[in-house]
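For reference, the structure is listed below as structure tokens.
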Amino acid sequence: MQGLTAKDKELLDYLFDYCRYTTKQLAKALRLPQQTISYKIKRLEEQNYISRYDAILNWDLIPLTKKLYLFNTKKPGEIIKKTIKKKPVHSIHENTGTYNLAIWCFYKNKKQIQEFEEQLPEHKAITINKTTVSDFTHFGTEIKLKKPTMIPSKIKLDKKDISIIKHLSSGRARDSLLQISKDLKISYDITHYRLKRLIRNGYFSRLMPQTGKKLGGLRVTQAIFELKQLNESTIKKIKSLAFMAMGGYSEKFVYLHFMSENHEDYLTKLDALHEIFKENLESTEILHWKELHLANRYPLEYAL
């Protein structure tokens, strides 16, 4: 991949695995001076290989309905303008592909769903019931560091927990504890305890970098597969895919998010996915990120 050295790729994979690894930990794992690690991270950010660091919430622990809306519209800007300030809206992606606009929403009840959907133009709606993640390393690096143990377990969230989740999910997932404490005006000790508890109880599916639009060939793809039926064997195979950054599924739909370095790499990964689904596949929708208008805005007040 043009512009990236072998060590750059290793570093990116460690950050994809867990972006809160310290420069000291990364220096030890990559056998480089700590100063070099800091320089490389800064350069990856400046060159837009990394646009932000996001904490991806474990949706399964939040008692909200999650729906994805797909639009094939000539005026995506109008839909974005009308929906971006709506409370249930979690993310808005403008894409190239069958559908040029995708909007994720989190709802607290059926009435809220009905009120929101009444305002929408023609669309395709998909409900996602469960999420799935794999041990994602885009470049196939063997990770030698041990990230914190994350065992999904529901805990009672309060306003401090939610403020920490929102801070990390707004592109600040690599911020130091001191910076988080300062920004949220919460004591360092409380910030440390709350964040450690959230991570330990699996409230984040992944803490990872988001790639920039001008990334040299690394394409972000969202693939939606409609199946005749979905069984545990298929779900297990999906979870085994190292190139799968994250995903979700319902009774007949599978939503996956992956990256590819070039067209050949993209086709190889798509073939691997089709091999899993085989004759069980009804349809495939492919969406490539063009513009990210909103990301990871969680309406967690609904869960209090």
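For the reader, a short list of remarks on this structure follows.
- Annotation note: of Lys9, Lys40, Lys66, the sole residue that is among the charged types (D, E, K, R) and more than 19 Å from Arg206 (Cβ to Cβ) is Lys40.
- Meets criteria (over 23 Å from the mean Cα position of the chain (by Cα) and more than 30 Å from Leu287 (Cβ to Cβ)) for Asp183: yes
- Tyr69 in a loop (DSSP other than H, G, I, E, B), more than 21 Å from Ile199 (Cβ to Cβ) and not polar (S, T, N, Q): no
- For region 72-107, a residue qualifies if it is assigned to a loop (DSSP other than H, G, I, E, B), within 16 Å of Glu291 (Cα to Cα) and touching a strand residue (DSSP E or B) at 6+ places or on another chain (Cβ under 9 Å), and the qualifying residues are Asn72, Thr73, Ile84, Thr98, Tyr99, Asn100.
- A count restricted to region 264-304 and to residues that are of a type in the set (D, E, K, R) and in a strand (DSSP E or B) stands at 4.
- Exactly one residue out of Ile84, Ile80 is farther than 22 Å from Phe253 by Cβ and surrounded by 14 or more Cβ atoms within 10 Å (Cβ to Cβ), and it is Ile80.
- Selection status of Lys108, surrounded by fewer than 19 Cβ atoms within 10 Å (Cβ to Cβ), closer than 28 Å to Tyr302 by Cα and not hydrophobic (A, V, I, L, M, F, W, C): yes
- Region 50-65 residues that are over 21 Å from Leu292 (Cβ atoms), paired with ones that are of a type in the set (Phe, Trp, Tyr) and surrounded by fewer than 19 Cβ atoms within 10 Å (Cβ to Cβ) (beta carbon under 9 Å, 6 or more apart): Ile62/Tyr302; Pro63/Tyr302; Leu64/Tyr302
- Of the helices (runs of 4 or more DSSP H) lying entirely inside region 1-46, those containing at least 1 residues that are under 18 Å from Phe139 (Cβ atoms) and touching a Ser or Thr at 6+ places or on another chain (Cβ under 7 Å) span 6-17, 34-46.
- Pairs with Cβ under 6 Å, 6+ apart, first in region 23-42 and surrounded by 14 or more Cβ atoms within 10 Å (Cβ to Cβ), second not in a helix (DSSP H, G or I): Gln25/Leu145; Ala29/Lys144; Ala29/Leu145
Matching residues to (1) at pLDDT 95 or above; (2) in contact with a helix residue (DSSP H, G or I) (Cβ under 8 Å, 6 or more places away or on another chain); (3) of a type in the set (Lys, Arg):
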position	(1), (2), (3)
Ser176	yes, no, no
Ile180	yes, yes, no
Lys196	yes, no, yes
Arg200	yes, no, yes
Gly212	no, no, no
Val220	no, no, no
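- Looking only at region 277-287, and only at residues there that are modelled with pLDDT of 90 or more and surrounded by fewer than 18 Cβ atoms within 10 Å (Cβ to Cβ), the one that is nearest to the chain's Cα centre (by Cα): Ile286
- Unmet criterion (only one of (1) over 24 Å from Asn129 (Cβ atoms); (2) of a type in the set (A, V, I, L, M); (3) touching a residue at least 60 places away in the same chain (Cβ under 8 Å)) for Ala303: (1)
- Of the helices (runs of 4 or more DSSP H) lying entirely inside region 137-244, those containing at least 3 residues that are without any contact (Cβ under 8 Å) to a residue 60 or more places away in the chain and surrounded by 12 or more Cβ atoms within 10 Å (Cβ to Cβ) are 159-169, 177-184, 188-200.
The values are calculated or read from the model by the stated rules, or taken from the named source; none is laboratory data. Everything numeric in this text was worked out from a predicted model, so none of it was measured. Backbone-built Cβ (ideal geometry, glycine too); neighbour counts: all protein chains shown.
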